[in-house]
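*Asks:* Mind looking over this structure? Questions follow.
Derivation of every value follows stated rules applied to the coordinates shown; laboratory data play no part. Model, not experiment: these values are computed from the prediction. Cβ atoms come from the backbone with ideal geometry, glycine included; neighbour counts cover every protein chain shown.
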Amino acid sequence: MFRLANLSKTFGDLKALSGIELSIPDGQTTVLIGPSGCGKSTLIRLMVGLVWPDVGTVMLDGQALKQENVLALRQKMGYVIQEGGLFPHLTAQENVALMANYLGWTQDRIDSRIEELAALTHFPADGLARFPGELSGGQRQRVGLMRALMLDPAVLLLDEPLGALDPMIRADLQSDLRSIFQTLGKTVVMVTHDIGEAGFFGDQIVLLREGKIIQIGNLKDLVQHPENEFVTQFINAQRSPLEGLE
Amino acid sequence: MKFLISILIFSVCHTSTQAQEVVVGSKMFTESVVLGEVMSHLGRNAGASVIHRRELGGTRVLWSALLKGDIDLYPEYTGTLSQEILAGENLKTEEEIRARLAKMGIAMSQPLGFNNTYALGMVEEKAEALGIRTISDLKKHPELTLGFGNEFLDRGDGWPSLRARYGLVHQNVSGLDHNLAYRGLEGGTIDVMDLYSTDAEIQYYKLRTLVDDLQHFPTYNAVIVYRVNLIDRAPQVVKEILKLEKLIPEKKMVMMNARAKLEKVPEVQVAADFLAENLNMHVDVKRVTVGAQLWKHTQDHLTLVGISLLGAIIVAIPVGIVAFRWTNGGQFILGLVGVIQTIPSLALLVFMIPLLGIGGPPAIVALFLYSLLPIVRNTYAGLHDIPVAVRESAAALGLPEGAQLRLVALPMASRSILAGIKTSAVINVGTATLGALIGAGGYGQPILTGIRLDDMSLILQGAIPAAVLALLVQGFFELFERLFVSRGLQLKGEIA
């Protein structure tokens, strides 16, 4: 599905990414993780074509992502960001339906798709007529997810989707998201800085540092066979909630 | 919208020149307006349809309009022609002036019979106390405050040359409206002012006219200047109007000025009485009701504001979008539009005259230019303030740029854009009152007349409707915003 070949990107003097080689397996969840400034967000933005690499290519379904085909390819991807990135002037329903409307879907088709998605994401039906400013953070995130799923894309890209939520809602959404991913069997790429979240979602975890991939594997691989000292440090940096009892 | 278009068409038709249409101009002081009314009556008597563009903002405005053909004739003074309009050509006699004007396609009548020269005046008692009789005596009192009409302050035959001629060193010299200067003199805020020797106020305020002992001021014989082609176009009109030659001695002019200015008899009536008395001509003076006048001014004002604002909206929003999208040139565009805003409004109006003449069109263009900045700037700011995350979300959906702009960016910027339009509209309503200075009519007309005649109720007839209109415009846009801007953008805790 996704193949990233020899990707490099600099912003001014800052080398954001260098020599990235990565395959994203179909139907699985890949988590990009690493400390701040490691390039994980740049990497996911390169995949949507919001930034363009200095060197290398992003391949989707055997096609290289270019200015000419980026609009068409974006319709095969759903993109979700922190807080959902919703359009404040549109209701939840209008946010979700925007692209389908643009593509000329019939109202019936739009309505039934939204009904389906609301059920899938556990979004309350009476919230659909509300504006983003009238929704809670968790609800906004669900609307962002519905919007990304509207055209039934093959790939879902999520950039720290749960970063701004409080812990209870976050845990709730994490379970919902994982079950949605499993139900739909989509190829998912998710950026997070939380190793717990990475372990919870990731079939494949990609650990980055200073623009380079340090290790690729599942949580077990990272814990049991760390590539180097940094991998262990990164995993152990996260405190257990029970630490305070010791 | 339809309303605006229909008044646009109306005003265009209205200003197009027909064969028998004659346009008379007059300056912004009472004598000129009275003479303009006299000429208008005579023209109508000769069967022409006459438009009197009264109270235009100064010699330059009238002269440019005459050369351009926006007006056909107006009353002028020989001294003004030789010392100001044709300054530097060293024309001495009336014959020399006449010959020079003929080359420009302008004819000049014989003198009408009075000399309205410049003079300096002071309150009698004060002049007596200080022992000032002549302009030379002023040298002994450099502490005096001088207040001159703005035109006198700048004219070639005005203050600059007077000061040089008499070697005056006064530091407190300020420019103000001629009609207000009398009140300044009376109130003691100024000590010396410029007078027109036929001003009725000289007697009324008991002023001493200082003797021009070095004979600085030339003769200002009143004449009529008119376009030579008027002789072919409307020979009867020219014939009628030339009946005024040698018909108005100084005493009569002072009396007419006194009736109009001090007794508040409408100029049109003063002019009619003069013709009845001297040419045995009967003129019916139509009384225009305050309501009809208000309606006319409202129409004119709405035309000015409506067309200029509509044009500004159509141009400024795309310019704001370009300024936002074109990263390198954006600041340049904003700067350029900002520069237009710094041009003083009166100067901008006068700049327009050589290009567009007088009346509505130049005023509309000037108002249009003034309305650009708030809309361009707010369009730019509205787009600029959209969070990157939201902009990228629109892009990531796969919407082409045009659709991103139409469906997401512009609706999100709509409040800001609307606020810009509202600002422009309110400023526009106020600035449009200046349009009267170049013959565009509107609420500025009664304000100008009111200032000239020192008539507060007339000033209020323009000022109150202008203020009410500004409030209505403000209210209209607030209602518009409530009805048409997405409620999602009006929420208090709006996520941005």
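*Asks:* What's the center-to-center distance, using Cα atoms, between region A:181-246 and region B:394-459 in Å?
*Replies:* 58
*Asks:* Angle, helix B:250-261 long axis vs. longest principal axis of chain B, Cα atoms, 0 to 90°, nearest 10?
*Replies:* It is inclined by approximately 40 degrees.
*Asks:* In debye, nearest 20: dipole of the protein assembly as shown around its Cα centre with unit charges on the Cβ of K, R (+) and D, E (-)?
*Replies:* With only Lys, Arg, Asp and Glu charged at Cβ, the dipole is about 1100 debye.
*Asks:* In addition: Filter the cross-link list B:Lys68/B:Lys296; B:Lys261/B:Lys422; B:Lys27/B:Lys251; B:Lys103/B:Lys261; B:Lys68/B:Lys243; B:Lys27/B:Lys239 down to pairs whose alpha-carbon distance in this structure exceeds 31 Å.
*Replies:* B:Lys261/B:Lys422; B:Lys103/B:Lys261
*Asks:* What ranking do B:428-437, B:326-335 get when scored by the average of other Cβ atoms within 10 Å per residue, highest first?
*Replies:* Packing proxy ranking, top to bottom: B:428-437, B:326-335.
*Asks:* How much of the DSSP bridge set in chain B is antiparallel, in percent, rounded to the nearest 5?
*Replies:* 55
*Asks:* May I pose another question? What does the average come to when, for each residue of peptide B:483-490, you count the partner chain Cβ atoms lying within 10 Å of its Cβ?
*Replies:* For peptide B:483-490, the averaged partner shielding equals 5.
*Asks:* Which FRET efficiency value, to the nearest 0.05, do you get for B:Thr298 and B:Glu263 by plugging their Cβ-Cβ distance into 1/(1 + (r/R0)^6) with R0 = 41 Å?
*Replies:* My answer for the efficiency is 0.90.
*Asks:* While we're here: Looking only at other chains, what is the average number of their beta-carbon atoms within 10 angstrom of each beta-carbon in A:127-133?
*Replies:* For this peptide, the per-residue mean of nearby foreign Cβ atoms is 4.
*Asks:* Something else now. So how do A:221-228, B:268-275, A:141-148 stack up, highest first, on mean other-Cβ count within 10 Å?
*Replies:* A:141-148, B:268-275, A:221-228
*Asks:* Among A:Val155, A:Val55, A:Val96, determine the one that fluctuates most according to a GNM of chain A built with springs between C-alpha atoms less than 10 Å apart.
*Replies:* Of the options given, A:Val55 has the highest mean-square fluctuation.
*Asks:* Which entries of B:Lys140/B:Lys264; B:Lys140/B:Lys246; B:Lys92/B:Lys252 have Cα-Cα distances beyond 32 Å here?
*Replies:* Beyond 32 Å: B:Lys140/B:Lys264; B:Lys140/B:Lys246.
*Asks:* First select every other residue whose beta carbon is under 15 angstrom from the beta carbon of A:Val51; then total the charges, Lys and Arg +1, Asp and Glu -1.
*Replies:* Net of charged neighbours comes to +4.
*Asks:* Which value in Å does the Kirkwood hydrodynamic radius of region B:118-210 take, with 1/r averaged over all unlike C-alpha pairs and then inverted?
*Replies:* After inverting the mean inverse Cα-Cα distance, the result is 13.0 Å.
*Asks:* Just to confirm the number: angle between the C-alpha axis of helix B:178-187 and the first principal axis of chain B, 0 to 90 degrees, nearest 10?
*Replies:* 70
*Asks:* Which of rounded, prolate, oblate describes region B:290-489, given a ≥ b ≥ c as roots of the alpha-carbon gyration tensor eigenvalues and a/c under 1.5 marking rounded, otherwise prolate only if a/b is larger than b/c?
*Replies:* Since a/c reaches 1.5 and a/b is larger than b/c, the shape of region B:290-489 is classed as prolate.
*Asks:* Based on the mean of other beta carbon atoms within 10 Å per residue, what is the order of B:381-388, A:233-240, most packed first?
*Replies:* Listed from highest to lowest mean packing, they are B:381-388, A:233-240.
*Asks:* Rounded to whole Å, give me the distance from the Cα center of region B:215-229 to that of region B:290-311.
*Replies:* 35
*Asks:* Also, I was wondering about something else. For B:Lys139, give me every one of the lysines with a C-alpha distance below 16 angstrom, ignoring sequence neighbours fewer than eight places off in its own chain.
*Replies:* Within reach: B:Lys126.
*Asks:* When DSSP assigns beta bridges and you keep just the ones with both residues in the protein assembly as shown, what percent turn out antiparallel, to the nearest 5?
*Replies:* Of the beta bridges lying entirely in the protein assembly as shown, close to 50 percent run antiparallel.
*Asks:* Where does chain B land at 222 nm, in deg cm²/dmol rounded to the nearest 500, when only DSSP H runs of n ≥ 4 count, each adding -39500 (n - 2.57), divided by all residues?
*Replies:* My calculation for chain B gives -18000 deg cm²/dmol from helical runs alone.
*Asks:* Over the protein assembly as shown, what portion of Cα pair distances is larger than 51 Å, expressed as a whole percent?
*Replies:* 41
*Asks:* Which whole number gives the average count of other chain Cβ atoms within 10 Å of the Cβ atoms across peptide B:402-415?
*Replies:* Partner-chain Cβ atoms within 10 Å, mean over residues of B:402-415: 2.
*Asks:* Once the other residues with Cβ under 14 Å from the Cβ of B:Ala272 are scored (Lys, Arg +1; Asp, Glu -1), what is the net sum?
*Replies:* For residues surrounding B:Ala272, the net value is -1.
*Asks:* Follow-up. Excluding the sites themselves, what is the longest stretch of chain B that contains no trypsin sites (Lys or Arg not before Pro) in a DSSP loop with at most 16 other C-beta atoms within 10 Å?
*Replies:* Counting only loop sites that pass the neighbour cut-off, the longest clear stretch is B:288-491.
*Asks:* A further question on this structure: Dipole size in debye (nearest 20) for region B:79-185 around its Cα centre, Lys and Arg Cβ +1, Asp and Glu Cβ -1?
*Replies:* Computed charge dipole of region B:79-185: roughly 200 debye.
*Asks:* How far is helix B:330-342 tilted off the main Cα axis of chain B, in degrees rounded to 10, range 0 to 90?
*Replies:* It works out to around 30 degrees.
*Asks:* Among B:Glu277, B:Glu21, what is the fewest-to-most ranking by other Cβ atoms within 10 Å?
*Replies:* With the fewest neighbours first, B:Glu277, B:Glu21 line up as B:Glu277, B:Glu21.
*Asks:* Mind checking which lysines have their C-alpha under 28 Å from A:Lys66, skipping anything on the same chain fewer than 8 residues away?
*Replies:* Within reach: A:Lys9, A:Lys15, A:Lys40, A:Lys76, A:Lys186, A:Lys212.
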